[in-house]
Amino acid sequence: MLKRIYIDNYKSLVNFELSLDSISLFVGANGSGKSAVFEVLQKIRDFALGKGKIADLFLPDNRTRWQTLSTQTFELEVERDTDSKYKYELAIEHDESGKNVHVKYERLWVNQNPLLKFESDEIQLYNDNYSEGPKYPYDGVLSAIQSITPRNDNKRLTWFKEQLERYIVTHPIPSLIEEESAFEVSSPSISLSNYVSWYRHLSQDQGMAYQLTSALRETLPGFQYFKFENVGRQQRLLMAYFQIEDNQSVGYRFSELSDGQRMLIALYTLLHLNQGGSQRKYILCIDEPENFVALPEIQPWLTELYDRCNNSGLQALLISHHPESLNYLLASPIGYWFERQNNGPTRVKQIQVDDEDGLPVSELIARGWLMNE
Amino acid sequence: MSKYTQIVVLCEDTQQWLFAYYFLIGWGIPRQRIRRSKYSFGSGSGEQRVRVNYPKEVRELRRYQHHLNICLIVIMDADTQSIENHFRELENALATTALERRYENEKIAIFIPKRNIETWIVYLKGDMVNENDEYPHLRKNESDCKPSVTQLAENCRNRQPLPDNAPPSLKAACKELERIL
């Protein structure tokens, strides 16, 4: 579980720190820094997994505008179990011209013991028993973590790397989902535009595909199953079959489904990721999951999410402005209020709701009363 | 007819909601058919919120129950009061809003765990309980009750009677439920 995030000198996030639970809801005005937290998680994930160079991911313009600091600092604390607490540290140095950027240091610790240190153009690895392992020069254009290959004596290190693959940061936009897939992908894009390619990968886990199909049958009236159709040597088209009158089935291309239907399919796919008994648990960062979804569908999805976060080891970070989500989720103390005074740094407070008189929390937020006491 | 909410749960807090939700799912009700009432959110006195809003939910139920198969589940902890006293208070709440009292065959089930919902949870997990002691709230771990509540639902669906040592308020609740499900 991701327990803590620390971010300094990224957009409005200055000396910003947040402790997280199995489910956390980010609430606040537009431009208060909620999505910036998701961006950082996405960038750290992509960097550590070798999906981008440091200069391509961390742009000079992403630094806090009203500061002149050249260093950006990021920390993640991840709890594997009660005995293993990881800490990842990344510091990035921009030069004055803003044209060059390099990693100042990148470190990984478990229970305060080092597993990896990169600084001054050198990587020092440590074995699982914390003894010094290989040391070698490295340019730091890509993350030191991504260069690690699994061995018998670096299981702790590879656990962290593989765990990062389970970070999913998304702001789903159903209209951008492509109906065809040329190849499988192991992780979705932010907008889920590559959902079909991702589902092509996920559906190899038949248990997961079965559970998802069952959930969608309960959710989408008449839905029966998905089927990939070959439309070229590599190209696959995802078809969704629905039952109509006289027990007949009709197949629709994914792009023919409504935005709401595609959104529900995406949302329930995200919920079913922890299927299959894997020890590694997903961390879902979903920006505005209720968009496009019909009102009666929101609470059942939230209830299922809440359940899975508490019982299946799933972790969720949500950003929402929707009254249905706010009222449902803020009944538990899992909300964080983001705010900025005079466009200054983001500050965050835990949301405590005391509305004995019965105004729904969404109404209090809409009135701007909740956190202005 | 399109799917619609069949069971509205009016309760004091998340623990009671999850207890009801897991039970209903375990009974076989599709999750889209179950909804936590809008009056079941917020802190402060949950008992008061349930009592004040009970007539509103009853009024809506009566408005739509003629053409929809819907029911209302109400949960409120007995705390230090008697179960009978709570039933009386709910009845009074209807009377003060000019609503008729709950009909015998009406699809309104009222569960009053004594001393509170945690008493039932501790019992279902296999511990001895009594209805006078206060058992700790499972704050932030409200979902922990899922396996035992799911098991309870399965037993109830199979018409297996509760053991003799079950809290009387839980036995009463199971009978109440049989009436509406």
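Each value in this text was obtained by applying a stated rule to the coordinates, not by laboratory testing. Nothing here was measured: the structure is a model prediction, and the numbers come from that model. FYI the Cβ positions are ideal-geometry reconstructions off the backbone, even for glycines, and counts take in every protein chain you see.
Applying a DSSP loop filter and a limit of 15 other Cβ atoms within 10 Å to the GluC sites (Glu not before Pro) in the stretch A:59-121 leaves A:Glu96. Counting neighbouring Cβ atoms within 10 Å and putting the fewest first, the residues B:His66, A:His102 line up as B:His66, A:His102. Any of A:Lys3/A:Lys155; A:Lys3/B:Lys38; B:Lys146/B:Lys171; A:Lys34/A:Lys161 with alpha carbons more than 23 Å apart? Name them for me. Cα-Cα > 23 Å for A:Lys3/B:Lys38; A:Lys34/A:Lys161; rest within.
Using DSSP to define loop residues, name the trypsin sites (Lys or Arg not before Pro) in the stretch A:24-69 whose beta-carbon has at most 13 other beta-carbon atoms within 10 Å. Could the numbers behind the result be given before it?
On the way: sites: A:Lys34, A:Lys43, A:Arg45, A:Lys51, A:Lys53, A:Arg63, A:Arg65; in loops: A:Lys51, A:Lys53, A:Arg63, A:Arg65.
Here the trypsin sites (Lys or Arg not before Pro) that fit, given the DSSP loop and packing criteria, are A:Arg65.
Sorting A:Tyr336, A:Tyr136, A:Tyr328, B:Tyr4 by the number of Cβ atoms found within 10 Å of their own Cβ, with the fewest placed first, yields A:Tyr136, B:Tyr4, A:Tyr336, A:Tyr328. Applying a DSSP loop filter and a limit of 12 other Cβ atoms within 10 Å to the GluC sites (Glu not before Pro) in the stretch B:46-144 leaves B:Glu100, B:Glu104, B:Glu134.
How big is the antiparallel share of DSSP beta bridges in the protein assembly as shown, given as a percent to the nearest 5?
Working: 63 of 91 bridges.
Percent antiparallel among DSSP bridges in the protein assembly as shown is about 70.
Our coupling estimate for the stretch B:146-160, obtained by passing each phi through the Karplus curve with A = 6.51, B = -1.76, C = 1.60 and θ = phi - 60°, is 3, x, 6, 6, 4, 5, 4, 4, 5, 4, 5, 5, 8, 6, 7 Hz, Gly and Pro reported as x.
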